[in-house]
1. Kindly report, to the nearest 10 Å², the accessible surface of His553 as traced by a 1.4 Å probe over protein heavy atoms only.
2. Arrange the peptides 173-179, 486-492 so that the one whose residues have, on average, the most other Cβ atoms within 10 Å appears first.
3. Count charges around Val539 for me, please; just the other residues with Cβ under 15 Å from its Cβ, Lys/Arg as +1, Asp/Glu as -1.
4. What list of ³J(HN,Hα) values in whole Hz, one per residue of the range 600-613 in order, does the Karplus curve 6.51 cos²θ - 1.76 cosθ + 1.60 (θ = phi - 60°) give from phi, with Gly and Pro shown as x?
5. Test of understanding: what is the full-extension gain from Thr233 to Lys277, defined as 0.36 nm times their sequence separation minus their Cα-Cα distance?
6. Report in % the part of the accessible area of the chain that belongs to carbon and sulfur, leaving out ligands and nucleic acids; probe 1.4 Å.
7. Would you mind counting up the charge near Ser378? Only other residues with Cβ under 9 Å from its Cβ, with Lys and Arg at +1 and Asp and Glu at -1.
8. Place the peptides 87-100, 236-249 in order of packing, highest mean first, counting for every residue the other Cβ atoms within 10 Å and averaging per peptide.
Amino acid sequence: MSTEMQTYQRLVVAAAFLLGACGAHAQIVEDPYMWLEDVDGSDAMKWVEARNQETVGILAEHPSFDTIFDTNLEILNSNERIPYVAIRGNYVYNFWQDATHEKGIWRRTTLADYISDDPTWDVVLDIDALAAEEEENWVWKGASCLYPAYQRCVVNLSRGGADATVRREFDVEAKSFVGDGFSLRESKGGTSWLDENTLYVGIDFGEGTLTTSGYPRFAKIWKRGTPLSDAKTVYEGDVTDVGSWASVDHTPEGDYEFVTRAVTFFESETLVRLGDKMVKLDLPADANMYGIFKGQMLVALKSDWEVGETTHPQGALISIDFDDFLAGSRSFNRIVVPDERSSVAGVSTTKNLLLINMLENVRSKLYEYRLGDDGWESTQVDAPEFGTLSLSSSDENSDTYFFNYNGFLTPSSLFLVEHRDDGRHVNQAKSLPAFFDASSMVAEQFDAESADGTQVPYFVVRGKDQVFDGSNPTLLYGYGGFEVSMRPSYSATRGKAWLSEGGVFILANIRGGGEFGPRWHQSALKENRQRAFDDFIAVAEDVIKRKITSPRHLGIMGGSNGGLLVGAAFTQRPDLFNAVVCQVPLLDMKRYNKLLAGASWMAEYGNPDIDEEWEYIKKYSPYHNVSKSTAYPEVLFVTSTRDDRVHPAHARKMAAQMLDMGHPVYYYENTEGGHAAATNNKQRAYMSALSYAYLWKKLAPGEANMVKPSSGG
């Protein structure tokens, strides 16, 4: 479509569109910005380039930009960072990026060498060298290696950071790709090793083999030396499913072959392959089957489950001998039953230990469980308190594992746990230096009362001596979706660019997240989505009421589902905020299920093609609730051309519409980066610098009347 034709179409259609958009219940007959959904279209990219130039021309000239960029890049490339590892057989593996290795290197060393002060790394695969040799913009997306030797791996490589990857067999001992090995063209999906000559494969096999969400609906078994077209189908899902994936659970007791059919994002069927038969497991549709450990099937419940005369409560983690279950037994053992203020945040295993990371009032505790004659017995691991613990890596051949600890003001520390004859030993293996001086800062936890009376916790990180007079530049961050928990974490870039310069950081634990288990998440699904937005708004109002800040100095930030959150917040309550960083967002909730992976999220938001569900979705869809006559903060939209999960058109169309309404906005689209919006440290530092320069420009005292971005599109 020519630029002239686009202009004509926009003039003809925009009047009705914009008038309708002034009301929350507007029905849109035609979308004048649909052309921006053409990801790589020449006209769309011209529009992107023009917006990028405008934004960079202002934000990169802000006095703080160069300092923030240089400092961020130095932090991101620092050799003092913790090289997190995965324990695989006799080695630990790490993927590392720095100034020399922008795309990164996959490397390994022994455990004993790793915990030394100066480990010697053996480079297995150099992505920079590979990209140069093959003239491809390769981005590392991990590797799946064959248990127990881990010599043969399927390496996943993305072009420009997209979710879709090319998969190629790699020999870690030879440090080369296998010439006649397994190789799969670019696609979303996955593989799982059955044995050295057999893979389970789920990819795009051609027309009709993907779901409406863009994921594979066929699970096939592929033998070495045969063409992919001869791969045997072991399961076929429905086109309206999210997708179907086959996997192999390798354990010392034996291998278990499963297929998971994701009917929706939160409901699935799990089948086990027994010989040539696929047997569906009799489990609740919304339960998560974690796998098999010591012959026990581990199941996490998202709702109450009545089994015979027993009701296992929502949020519980339960187990049963898998062979007994297949034989008809339903005598489950309860491992963990969280209360209303706690949840299971992570599960992992070693050879003999079941590791459970608990979240209690958004603070972490770590427990080891052993299966005894009388059921599960637990002991708490001696770990730092009042911060966030996360299981980093565990060894399937021993009871050795790593966990990480950090907090808002406490640099990350990696702890090694080893079990010997004389008991459990917990030692700090690595630590991150303090990249900023936190001695004058404090982290506190408060509660805000939401519109329906629910108490919503949030954290405030600030200077101890800051005065509550409403003038503090403050950044409020949230997510509130998909049962994802927002927990305290150490960010050196945030500490240097924001906290050390007098900024206040706030983290909101709103409904829709997983901080208090499935109940907290489910209370903000579909027709109740507004509760997440109400919670976020309530936190903003509470910090203003406490005079920590004021609307003039309050900014908000969120990405992906969090981009939807801040989009809804600023369209509903523009009076509360003076800055909005809206990253890789969902915004057009009428068409989100038509774009890329959007259909997979209808269990979270609802189906806009069903009239009754669109009735509640359209009340908050940011794209349909922005008004020409309302004053909004100057939003910074950030996205990526290569994001093949959340379509960049969400940010493009929202920005274009607001510009045509006369609302100044900032817009920056990285031409690579995928859903993370960046692929290397330089890009991460640059985009972070743009965001913080924008926040200081908008929120710092005395900067309210600086030059504004173009209001023309």
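1. 20 Å²
2. Put in order of decreasing packing, that is 486-492, 173-179.
3. Around Val539, the charge tally is -2.
4. Taking θ as phi minus 60°, the curve returns 6, 9, 5, 5, 8, 9, x, 9, x, 7, 9, 3, 5, 7 Hz for the range 600-613.
5. My answer for the length gained is 14.6 nm.
6. Taking all protein chains in place, the chain shows 46 percent carbon and sulfur surface.
7. After counting each charged neighbour, the total is -1.
8. The densest-packed peptide leads the list: 236-249, 87-100.
The values are calculated or read from the model by the stated rules, or taken from the named source; none is laboratory data. Model, not experiment: these values are computed from the prediction. Positions of Cβ are backbone-derived with ideal geometry, glycine not excepted, and every protein chain shown enters the neighbour counts. Ligands, DNA and RNA are stripped out before the accessible areas are found, and what is left, the full protein with its side chains, is counted by its heavy atoms. Shrake-Rupley method; radii C 1.70, N 1.55, O 1.52, S 1.80 Å.
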